[in-house]
1. Would you check which residues across the stretch 294-317 are within 12 Å of the ligand (Cβ to nearest atom) and modelled with pLDDT of 95 or more and list them?
2. Under the condition of being assigned to a helix (DSSP H, G or I) and surrounded by fewer than 17 Cβ atoms within 10 Å (Cβ to Cβ), which residue from the stretch 223-252 is farthest from the ligand (Cβ to nearest atom)?
3. If you check 60, 108, 100, which single one turns out to be surrounded by fewer than 13 Cβ atoms within 10 Å (Cβ to Cβ), farther than 25 Å from residue 186 by Cβ and free of Cβ contacts under 8 Å to residues at least 24 places away in the same chain?
4. If you take the residues in the stretch 1-58 that are in contact with an Asp or Glu (Cβ under 6 Å, 6 or more places away or on another chain) and assigned to a helix (DSSP H, G or I), which one is farthest from residue 293 (Cα to Cα)?
5. Which of the residues that make up the stretch 197-222 are of a type outside the set (Gly, Ala, Ser), outside any strand (DSSP E or B) and within 6 Å of the ligand (Cβ to nearest atom)?
6. Between a first residue in the stretch 395-413 that is within 15 Å of residue 233 (Cβ to Cβ) and at pLDDT 95 or above and a second residue that is crowded, with 19+ Cβ neighbours inside 10 Å and among the β-branched types (Val, Ile, Thr), which pairs have beta carbons less than 6 Å apart while being 6 or more apart in sequence or on different chains?
7. Please return the ranges of strands (runs of 3 or more DSSP E) entirely within the stretch 303-414 where 1 or more residues are surrounded by fewer than 24 Cβ atoms within 10 Å (Cβ to Cβ).
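The values are calculated or read from the model by the stated rules, or taken from the named source; none is laboratory data. All values reported here derive from a predicted model rather than from experimental measurement. Heads up, the Cβs are rebuilt from the backbone with ideal geometry, glycines too, and the neighbour counts pull from every protein chain shown.
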Amino acid sequence: MAEFQVLNPATGDVIETLQSDSAETVAAKFGRARVAQPAWAATPANQRLELMARFREQLVSQKDELARLLSREVGKPLQQAHNELNGFLGRFDFFQEKLVSTLADETVFDADGMAEVISHEPLGVIANISAWNYPWLVGCNVFIPALLTGNTVLYKPSEFATLTGLAMARLFSAAGFPEDVFLPVVGAGETGAALLEQPVNGVFFTGSYATGRKINQAVAGRLIRVGLELGGKDPLYVCEDVDVAAAAAGTADGAFYNNGQSCCAVERIYVHASIYDAFVEAFAANVKDFVIGDPLAPDTYIGALTRRDVQIRALEEQVADAMAKGAKLLCGGHPIERAGWYFAPTVLSHVNHTMKVMSEESFGPIIGIQAVADDDEAVRLMNDTPYGLTSGVYTPDKARAKRILGQIDSGTVYWNCCDRVSPRLPWSGRGHSGMGATLSTYGILSFVQPKAWHWRG
Ligand code: NAD
């Protein structure tokens, strides 16, 4: 078994050294999850709901320590770690509330001695391979409904959020879940690949498009359920009729919250030419005011980046590429000289689609702002991407927003808001942003298979 170190991105210090699972231990865990699954599926829904309620109690009683652990492990400001845990609870409560009604048997026909009924059965053993940017939130999308619907789960947290993943497993044990119903699998990409070699019944993945493609290819031909929540290059269009100061403040938060490491972070902004200069100035002023620092300090808004080499190199490349092609740097553009992995929040104006900052996922504290002549140009540019996760429009004119957003090819659209996820709405990406849906009642049905009953008599 290989060793790997969990580093604190804000200091570079080693928090803990862990052993990765090997192909053999992954296979053994799969075997245990397979054996545990039928009894878990046979456990009445109300008992599963009760166990989940105990899991919730455990989580709430340890929330402060869990938030601190998350902050130390991924570099997220403590306040935002608390927000993530609160968000987890909101999604969790939605699933608890909707489980029974969503899975209830449905009689769709009953006449002349013939009845037709739809019921739902779990898929079996689920592999959940996850990302580090919101381990609680993206985990909740998958393992909570997967468990509630009677599946057992092999959960591979990101190698950059493993301690949080192990803490989740401890909460399930402390809540009294049967053994082997939720099993963490520890390690990086090779461990994820080893997990996919097991005959699991479904794979639910959150991460980059590049890895999502590999996962889809790895299980192609096995005809199992695959859910992919992937990256985005989420556009936002600011019309000329907005309150510039309010729109600048709202969209700056949408771009830089969680250090821009959100799948639905605003990644590129289009602004009507008539207010372009005023908007860019107001936006940059907001960004310059962000408090950058120790993630554990209460007023920090921008913490450390989670992945040192990959992220800082990608951000430097995007800045250099944009500058070489004529962009203007309004702030940031460089790593910050301090312990840990920090990048100064960066605003680029006078950008265009030949630049990487407007075409490749940034997943960090950087934004490009481009002027557009009218709504048609904005729609064309917003759709000029292989991704399709979220898109937004700021305007007081609802009919105009509806017209624009109706033409946009993405799973989620926002009017006068951004970087927002609701448990009540389906979360789905189009194109390179993924396939399948989580959250909402779609996100419960993703983990079951329908059974059609023809009853005569
Ligand atoms: P990543 O693709 O690098 O890694 C994700 C997971 O895949 C990790 O657990 C990793 O160990 C595992 N993995 C890597 N190679 C593998 C392989 N060959 N086989 C099996 N598993 C493998 O992504 P990341 O850096 O953890 O997360 C950032 C990405 O996730 C961004 O692109 C972001 O947009 C996306 N994301 C999307 C959503 C969404 O809801 N759409 C949510 C959060 C993050």
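1. 305, 314
2. Residues of the stretch 223-252 that are assigned to a helix (DSSP H, G or I), as a first pass: 244-252.
Then drop every residue that is not surrounded by fewer than 17 Cβ atoms within 10 Å (Cβ to Cβ), which leaves 245-246, 249.
Numbers: 245: 29, 246: 27, 249: 24 Å.
Among those that are assigned to a helix (DSSP H, G or I) and surrounded by fewer than 17 Cβ atoms within 10 Å (Cβ to Cβ), it is 245.
3. Numbers: 60 fails: free of Cβ contacts under 8 Å to residues at least 24 places away in the same chain; 100 fails: free of Cβ contacts under 8 Å to residues at least 24 places away in the same chain.
From the options 60, 108, 100, the qualifying one is 108.
4. For the stretch 1-58, the residue satisfying everything is 36.
5. Our first condition is that a residue be of a type outside the set (Gly, Ala, Ser); within the stretch 197-222, this holds for 197-201, 203-206, 209, 211, 213-217, 219, 222.
Those left that are additionally outside any strand (DSSP E or B): 197-201, 209, 211, 213-217, 219, 222.
Across the stretch 197-222, the qualifying residues are 211, 214, 215.
6. 410/390; 412/390
7. Values: elements: 328-331, 346-349, 366-372, 390-394.
Fully inside the stretch 303-414 and qualifying: 328-331, 346-349, 366-372.
Results for (1) hydroxyl-bearing (Ser, Thr, Tyr); (2) at pLDDT below 95; (3) in contact with a strand residue (DSSP E or B) (Cβ under 8 Å, 6 or more places away or on another chain); (4) surrounded by 13 or more Cβ atoms within 10 Å (Cβ to Cβ), shown as yes or no for each residue.
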| residue | (1), (2), (3), (4) |
| --- | --- |
| 3 | no, yes, yes, no |
| 8 | no, no, yes, yes |
| 15 | no, no, yes, yes |
| 18 | no, no, yes, yes |
| 27 | no, no, no, yes |
| 34 | no, no, yes, yes |
| 45 | no, no, no, yes |
